[in-house]
Structures are given as C-alpha cells and as structure tokens.
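So the structure is just underneath, and the comments pick up after that.
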Amino acid sequence: MQQLGWTVLRELEERDLDRIAGWDSDPELAHLMGGVPISSEESRSRYLKMLRNRNSLVMAIVDRSGGLIGDIELTEIAWRSGDAELSIKIGDPAYRDRGIGESAVREMLSIAFEGLGLRRVYLRVCSDNPRAVRCYKKCGFRREGVVRRRLGPDDQIRVVTLMTILRSDFMRFQAVS
Ligand SMILES: CC(C)(COP(=O)(O)OP(=O)(O)OC[C@H]1O[C@@H](n2cnc3c(N)ncnc32)[C@H](O)[C@@H]1OP(=O)(O)O)[C@@H](O)C(=O)NCCC(=O)NCCS
C-alpha cells in the first residue's frame, strides 16, 4: 500500500453536502458509479437520510489539508447478520490514482470490522471501471460473481461484479500487506 501518512477519513457534515451535490450531478462520475446524475435536492436529501439512519455510515474523504475530495459509505448495515454494502467516490479527478481510494477503503473496512463488529462487506462495481476493481482488489476484496444489468440514463447493458471481503480475510490481509 502507498503510505499517504495522513488519515483520509473524517465524519461527514452538513456543510459538505453542496460540494457532494456538485459531484452527484456529473454524468461522467455517475457513469463510473453505475448510476444517473441527480439534482442537488435529491443528493442533499439522500445524504441527510444517511446521516440520520442507524443502518448507514457515511464519511468524508479529505486531502492533506482536510479539504473534502470525496465520500465513502457503508449502507444496508444488517446488524444481526453483520453485512454491509460499501460505496466510494473521489469527486475531484485530480485526486484519483494516488492511492487515496485504497487508504479510504482500508480505513472504512477497519471501522466496519474493528469498530462496528461487522462480519462481511460487499460492493457492486461495473466491470468497465478497472481502476475501481483494482483498488478493491488491493484492499483484499474478492470477486464473487457477475450479473448483467441495464444501467444509466440510456439503459445500457453493463456487467456488474459483486465483490466481498470477510472480517477474517481483512485481518489476515492487513497483517501481510
Ligand atoms: C474508484 C476510486 C475510489 C479508486 O480510488 P483511487 O484513489 O483512484 O485508487 P488507487 O489509486 O488506490 O488505486 C487505483 C489502481 O487502479 C490502477 N488503474 C488506474 N487506471 C486503471 C485502468 N484503466 N486499468 C487498470 N488499472 C488501473 C492504478 O494503477 C492503481 O493500481 P496500482 O496501485 O496497482 O498502480 C476512485 O478512482 C474514484 O472515486 N473514481 C470515481 C468514482 C468511482 O469509480 N467509484 C467506484 C464505483 S464502484
């Protein structure tokens, strides 16, 4: 892992939501996320719901000086089974490909497994997003299967990969990498 030398996550606050809404309206970013661009009202309401929901955890990804550059989420937290879904975006392209995604995912997995006591974290990634797939593999996620889905504004058929990591694998992976 690239050693960035700073904590890349902090709690997300309401003052971050305007910046995030700007990213959520970007068609290119929405395509990478397998979704569609949304309005600032929709974005704001989605994040406010997550901030109030005990079955989600959303954190801000910050640069060296603490400025917001993205966000990372655990949603669908099932406390009984110990499962949750992870999703991440680095909104500013200048900050991609610098190891920040890997650090953010590892920090979030540490919160999930060591802080919240979860057992399994899964995610869905479009297979035509090789940077994201590579980032998740670097963090110890394994491919579980693929499904073809109609996604995006024009219902394009895309291959979506399900990737998962278990707490036991994360602990082992952290120890050796
Ligand atoms: C996906 C994302 C979180 C990854 O974070 P990141 O900081 O860019 O990723 P990292 O720098 O930690 O790792 C990226 C890896 O992909 C590799 N990579 C980049 N482009 C690639 C490509 N076209 N093909 C294969 N590998 C690629 C990089 O070389 C790096 O691997 P390495 O460390 O072995 O050299 C970030 O790029 C992002 O938010 N992108 C936009 C939104 C998005 O795609 N979210 C994920 C939706 S599932």
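What the table shows:
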item	result
Number of the exception - Trp6 against (1) modelled with pLDDT of 95 or more; (2) away from the ligand (no atom under 13 Å from the Cβ); (3) aromatic (Phe, Trp, Tyr)	(1)
Residue identified as of a type outside the set (Gly, Ala, Ser) and farther than 20 Å from Ile61 by Cα among Arg134, Arg80	Arg80
Selection from region 132-150 of residues that are open to solvent by 20 Å² or more (accessible area, probe 1.4 Å) and over 13 Å from the mean Cα position of the chain (by Cα)	Arg134, Lys137, Lys138, Arg142, Arg143, Glu144, Gly145, Val146, Val147, Arg148, Arg149, Arg150
Every residue from region 108-126 that is open to solvent by less than 50 Å² (accessible area, probe 1.4 Å) and either within 14 Å of the ligand (Cβ to nearest atom) or over 18 Å from Ser168 (Cα atoms) (or both)	Met108, Leu109, Val121, Tyr122, Leu123, Val125, Cys126
Hits in region 47-59 (condition: in a helix (DSSP H, G or I) and surrounded by fewer than 18 Cβ atoms within 10 Å (Cβ to Cβ))	Leu48, Lys49, Met50, Leu51, Arg52
Residues that are of a type outside the set (Val, Ile, Thr), within 13 Å of the ligand (Cβ to nearest atom) and either open to solvent by 60 Å² or more (accessible area, probe 1.4 Å) or within 20 Å of Arg119 (Cα to Cα) (or both), drawn from region 60-101	Glu73, Glu85, Leu86, Ser87, Pro93, Ala94, Asp97, Arg98
Residues (closer than 23 Å to Ala78 by Cβ and either touching a residue at least 60 places away in the same chain (Cβ under 8 Å) or touching a Ser or Thr at 6+ places or on another chain (Cβ under 9 Å) (or both)) located in region 1-59	Leu9, Met33, Gly34, Gly35, Lys49, Met50, Asn53, Asn55, Ser56, Leu57, Val58
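The values are calculated or read from the model by the stated rules, or taken from the named source; none is laboratory data. Just so it is clear, the model here is predicted, and its values are computed rather than measured. Reconstructed Cβ throughout: ideal geometry from the backbone, glycine too, with neighbour counts over all protein chains shown. What goes into the accessible areas is simple: the full protein's heavy atoms, side chains included, and nothing from ligands, DNA or RNA. Shrake-Rupley method; radii C 1.70, N 1.55, O 1.52, S 1.80 Å.
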